[in-house]
Amino acid sequence: MRFLKLLYLLLVDTGQSIWLFLPGRKKRLGGKRTMAKLILSTGNIVSGGPSIIRKPGAYRSNLELTNSLRSNFLAAQEDYATAAADDEAQDGKLHANGGVENGAAKSNGNALHVNTETGGRPPVSVWTAEEDGALYVPRIDWSEAGLQEEPSQYSITVKLFFLPSASVERRAQFAKEALDLVLKELDAPAIDLLIVSFPGMSFEGDCEWEADRHNAVQGNDEQELATWAAIEDLHRAGLAKSIGLAEFGSEKLARFLQRVQVRPSVNQINIKNCCNVPPPLTKLAKEEGIELLAHSDCIDILPEGTLRELLGQGLGGAGILADPETGAGGLKGDLAPQWVAKYTAVVRDRGVIENKGYFAGAELTEG
């Protein structure tokens, strides 16, 4: 994986699609050649963000994530395409009559080059950006980053979801990458709480006792402990003042506490599909000084099929990926979502959420 740090991406806008080229020799990892790292973002979904419509019974947070990503992609396509058209007009590159030729469309009175093969979307290069070896979808104007008040006036929480398709060996890299993005977005030196969610963990059953028993054999203790060591490093570095877990029942939490150096301050559990908090877990948390928090987050928050639909050529897709049938219109390869970071910034003295959003990391590889 070390070669990833040496990669740089060259984006070539053909007018109808974006092709990625890697210079030098073609390098393989696990039988696949790396093409691109993707960073997806929703922006702040509290102010000026998308309106999330929830259907009855649809409480899980992946609806908020997917709807917010889709809305942000569309907004970026419209905003950056209009800005690009205005720039062309200022440079005198448009026809004097403002006509439409060769697949151009009008936007605010200006001609705008769009992709006629992908539903009239603007070129991907207009609203995305290559930065630090990753393709940002959409591009981010970091000059607009930051909170309205000093960071000390907020309680900032990040929940980091490690997804099933992500490499366990790279979780330390993913954690640092995700946290750096949030800190840059909020222009803050540190966060107050970092909660880690591992794949394969749930809290479901016919009753709280059954859910606790099922939880005891879920996940992988050794992998989770190895990952926790990297989370502890972020805490020691002062980037996360407190660290916590999600979906740990009484037996699993007891085993975990015996082997860690920095103990979790909180344990999030989703009891929506269960009943109440299991008494053994309540007792253990009280004895160990661990705060129990309820949540309604989806366990598999960004499945591969959902991400491919978001980035694909279909209705509501962003047009980043090529059409699977024709191979036209975008990037080709296997798509693997790796992590999702959900962040919230709450004004301390008012208890109001001022900033909330998501980042997600994925990798596109060619077989």
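The values are calculated or read from the model by the stated rules, or taken from the named source; none is laboratory data. Worth saying up front: this structure is predicted, and the values here are computed from it rather than measured. So basically every Cβ, Gly included, is an ideal-geometry build from the backbone, and we count neighbours across all protein chains shown. To get the accessible areas, we keep the full protein, side chains included, count just its heavy atoms, and leave off ligands, DNA and RNA. Shrake-Rupley method; radii C 1.70, N 1.55, O 1.52, S 1.80 Å.
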Next on the checklist: So, in the range 198-215, how many residues would count as being more than 17 Å from residue 301 (Cβ to Cβ) and part of a loop (DSSP other than H, G, I, E, B)?
Outcome noted: 3
Checklist outcome for this item: The lone condition residue 237 fails out of (1) out of contact with any Lys or Arg (no Cβ under 8 Å at 6 or more places or on another chain); (2) open to solvent by 30 Å² or more (accessible area, probe 1.4 Å); (3) modelled with pLDDT under 95; (4) not β-branched (Val, Ile, Thr) is (3)
Item to check | Residues located in the range 263-294, provided they are crowded, with 16+ Cβ neighbours inside 10 Å and either β-branched (Val, Ile, Thr) or under 22 Å from the mean Cα position of the chain (by Cα) (or both) | outcome: 266, 267, 268, 269, 270, 271, 277, 290
Item to check | Residue count, the range 323-356 (criterion: touching a Gly at 6+ places or on another chain (Cβ under 8 Å) and either surrounded by fewer than 19 Cβ atoms within 10 Å (Cβ to Cβ) or free of Cβ contacts under 8 Å to residues at least 12 places away in the same chain (or both)) | outcome: 4
Checklist entry - From the set of residues in the range 192-232 that are within 22 Å of the chain's Cα centre (by Cα) and in contact (Cβ under 8 Å) with a residue 60 or more places away in the chain, which is farthest from residue 174 (Cα to Cα)? => result 202
Item to check | Among (1) within 27 Å of residue 180 (Cβ to Cβ); (2) small (Gly, Ala, Ser); (3) modelled with pLDDT of 95 or more, the one test that residue 318 misses | outcome: (3)
Next on the checklist: So if I check each of 325, 366, which one is charged (D, E, K, R), in contact with a strand residue (DSSP E or B) (Cβ under 6 Å, 6 or more places away or on another chain) and modelled with pLDDT under 90?
Outcome noted: 366
Item to check | Any pair with Cβ under 7 angstrom, 6 or more apart, that starts in the range 123-137 at a residue that is over 11 Å from residue 77 (Cβ atoms) and ends at one that is in a loop (DSSP other than H, G, I, E, B) and of a type in the set (A, V, I, L, M) | outcome: 130/9; 133/7; 133/9; 135/9
Item to check | Filter result for the condition that a residue is outside any loop (DSSP other than H, G, I, E, B) and open to solvent by 20 Å² or more (accessible area, probe 1.4 Å), over 173, 218, 148 | outcome: 173
Item to check | residue 226 vs. criteria more than 14 Å from residue 343 (Cβ to Cβ), at pLDDT 95 or above and either of a type in the set (A, V, I, L, M, F, W, C) or surrounded by fewer than 21 Cβ atoms within 10 Å (Cβ to Cβ) (or both) | outcome: yes
Checklist entry - Exactly one of (1) modelled with pLDDT under 95; (2) closer than 16 Å to residue 201 by Cα; (3) out of contact with any Phe, Trp or Tyr (no Cβ under 7 Å at 6 or more places or on another chain) is unmet by residue 334. Its number? => result (2)
Checklist outcome for this item: Filtering the range 191-204 down to residues that are open to solvent by less than 20 Å² (accessible area, probe 1.4 Å) and among the small types (Gly, Ala, Ser) yields 197
Checklist entry - Within the range 295-314, how many residues are in contact (Cβ under 8 Å) with a residue 40 or more places away in the chain and over 17 Å from the mean Cα position of the chain (by Cα)? => result 3
